[in-house]
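Before any comments, here is the structure.
The values are calculated or read from the model by the stated rules, or taken from the named source; none is laboratory data. Predicted, not measured: the structure shown is a model, and the values here were computed from it. Virtual Cβ from ideal backbone geometry, glycine too; neighbours counted across all protein chains shown. Surface accessibility is based on the protein's heavy atoms, side chains included, excluding ligands, DNA and RNA. Shrake-Rupley method; radii C 1.70, N 1.55, O 1.52, S 1.80 Å.
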Amino acid sequence: MTALRPNRFYGELAHWGKLALGRFSPAAESAKRLAREIREIMASAQPTSHTAPRRVAIVSGHGVNALSLSYDALWLLSLKMRGHVTAALFCNEGLPSCEFNFRGYGLNVPAHLRIALTPAANHRPCLDCSTGASAVLRETGSELHSLSQYVLPGEVENILALSEKIPPDQIRSHVYKDVPVGDHAFSSTLRCTLRGFVALDDPDELWIYRRQLASSMLMVDRFNRFIDAFRPDKVVGVHGVYLIHGTIADVCRTRNVGVDIYGVPYRKGTVLFSHSETYHRSLVSEPASLWQNDVLDGPRRKKLLTYLGSKATGGRDNVNYHPNPVLGRQPIIDALGLDPNKPIISLFTNVIWDAQIYYSFNAFDNVFDWVFSTIAWFAQRPDLQLIIRIHPAETVGGFVTRQPILPEIMSRFPTLPPNVFIVNSDSGLSSYTIAEMSRATLIFGTKMGLEIAYRGIPVIVAGETFNRGKGYTYDAESREEYFSLLQSAPDLPRNSPEMIERALRFAYYFFFQKMMDFPPISENPYRAHREPGEKFYVFRDAAGLLPGRDATLDVICNGIVDGSPFISAF
């Protein structure tokens, strides 16, 4: 747990050093630049009137991420320019913990988990977050609300005490006022610890888990008070997972208030919206009629295949894990020591802590249970070879996991079965070539299943993924069904033309209709802040937000206001 126990002397020095120089964190400084950019854009704004204005609230909660703030502000500005009544809700130290800062504003945090020595320095992350969010959201001209204004005397202490009474093994299933707060506490704890499960026997992790649970319950109460005060017709939030936005989505459903969730997806220059819940769930449950009957004409098919082909080497997505992959089959055979005469089954892991929310059809307890069980099965099948491709995001990208899968595997299997081979996260061996060498592939939650299926390779699904139920994968509903499918994996035929066509149609829907081209935001959207002189938006005056100026912005605003589908207009 050393990563959760920072050097408090360094944290103290950093705080006072920044204070002496009159600086906040880079993200807070970037938020100030975003606020100035909005002020300049809105200097001559002339909003239109609307015959039936709607009341729309944006729940931010991401003051340490100026990118997220730029999107939140854009929705507020666009709706306001179109004559609607808007409000922004941000935390402003209204929660004792969140998915980005489990220490919160320092309330009763154990000394060894604090980031610094003094209360002022420990308070710094919340101060930076509040400063950034308020600076940006205030410039939109919307009503500005904060969770801190909906605090009742003594409720924090009461909720913290309540969280302490819940047995550790019952936290995830805990429901508070019809909201599954335990699930939000679970996903947020994984987000904080960057691990795949909560170690209930570890005092630090359990403390974080309970603090996240208490904060989710407080979020329920304070967000309900905000709803009573502002009376929104619609609420908009980012991602729809974790303590803040997962909770608000569920509260909205209990209050019969519409909620829309947005995210910044993989394909460059796009945005994704879904009604009612995170796309992690909506893509699983939405009707196939939205995409299965679409015919891919020549230009659309060419566009899709060009994009899918580019994913092997990168360049068209926001994240490129291996810009120079090893694509040849023979180098992979040589590097792993494979027997070219034995069938290969490949297994692709996912990031174990990211967006881990409850699904009702998991055949296994978690990714580790699935991986360990699969290795044990292959140990009894020396006639087959298993290649485990560990997700590159474990070591490449924004957040390096604190519970990588390889050490977990080696702990359970100090000596791997001779027919099991591991390609670690930092390896340049191409995942796509590995898949193409395989008789079948195994996935739990990775989105890569779609990219494998369209190539004709059978995909067996063991866990939570939107690939389920689309007609191009083999879906296990139980552990027994998974192993039955695994038994037949070496003899599964290549995907039929009908399966491949379904995969392509869903791929076009997902990558080019759900992921809507969105030029108003400048490039490099995964960067949390901008350097001095860089702009967040490509438009320079508020007229660019009016109806008819940007087709995607029209789709988004119409979807928020009247519930129409969030599907690309192009």
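Miscellaneous remarks
- Checked against the criterion of being open to solvent by less than 20 Å² (accessible area, probe 1.4 Å), within 17 Å of F100 (Cβ to Cβ) and in contact with a strand residue (DSSP E or B) (Cβ under 7 Å, 6 or more places away or on another chain), region 217-230 has no qualifying residue.
- Residue match in region 544-559 (condition: of a type in the set (D, E, K, R), at pLDDT 95 or above, open to solvent by 20 Å² or more (accessible area, probe 1.4 Å) and not in a helix (DSSP H, G or I)): no
- Selected residue [polar (S, T, N, Q), more than 22 Å from the chain's Cα centre (by Cα), within 26 Å of L296 (Cα to Cα) and surrounded by 20 or more Cβ atoms within 10 Å (Cβ to Cβ)] from T465, T374, T473: T473
- Neighbours by Cβ (under 6 Å, 6+ apart or cross-chain): first from region 68-89, open to solvent by 10 Å² or more (accessible area, probe 1.4 Å); second among the basic types (K, R): H84/R54; V85/R55
- For region 530-538, the criterion of being of a type outside the set (K, R), farther than 23 Å from P47 by Cα and either modelled with pLDDT of 95 or more or under 26 Å from the mean Cα position of the chain (by Cα) (or both) is satisfied by at least one residue.
- Test set (1) within 24 Å of G463 (Cβ to Cβ); (2) under 22 Å from the mean Cα position of the chain (by Cα) - R211 fails condition number: (1)
- Counting the residues of region 231-262 that are among the polar types (S, T, N, Q) and open to solvent by 20 Å² or more (accessible area, probe 1.4 Å) gives 2.
One line per residue, one yes/no per condition, for (1) polar (S, T, N, Q); (2) at positive phi; (3) exposed (fewer than 15 other Cβ atoms within 10 Å of the Cβ); (4) under 22 Å from the mean Cα position of the chain (by Cα):
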| residue | (1), (2), (3), (4) |
| --- | --- |
| Q149 | yes, no, yes, no |
| I159 | no, no, no, no |
| P168 | no, no, yes, no |
| K177 | no, yes, yes, no |
| V181 | no, no, no, yes |
| H184 | no, no, no, yes |
| D204 | no, no, no, no |
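- Residue under evaluation G398, criteria (1) at pLDDT below 95; (2) open to solvent by 20 Å² or more (accessible area, probe 1.4 Å); (3) outside any loop (DSSP other than H, G, I, E, B), criterion not met: (3)
- Of the helices (runs of 4 or more DSSP H) lying entirely inside region 25-141, the ones with 3 or more residues being out of contact with any strand residue (DSSP E or B) (no Cβ under 6 Å at 6 or more places or on another chain) and of a type in the set (S, T, Y) are found at 66-81, 124-138.
- With respect to (1) within 28 Å of the chain's Cα centre (by Cα); (2) under 30 Å from L160 (Cβ atoms); (3) surrounded by fewer than 24 Cβ atoms within 10 Å (Cβ to Cβ), the lone exception for F102 is condition (3).
- Scanning region 478-506 for residues that are in a loop (DSSP other than H, G, I, E, B), over 23 Å from R381 (Cα atoms) and within 28 Å of the chain's Cα centre (by Cα) yields a count of 0.
- From the list D72, D128, the lone residue that is at pLDDT below 90 and of a type in the set (D, E, K, R) is D128.
- In summary, helices (runs of 4 or more DSSP H) completely within region 172-284 and bearing 2 or more residues that are touching a Leu at 6+ places or on another chain (Cβ under 8 Å) and at pLDDT 95 or above occur at 181-193, 203-230.
- The number of residues in region 401-441 that are open to solvent by 70 Å² or more (accessible area, probe 1.4 Å), among the polar types (S, T, N, Q) and part of a loop (DSSP other than H, G, I, E, B) comes to 1.
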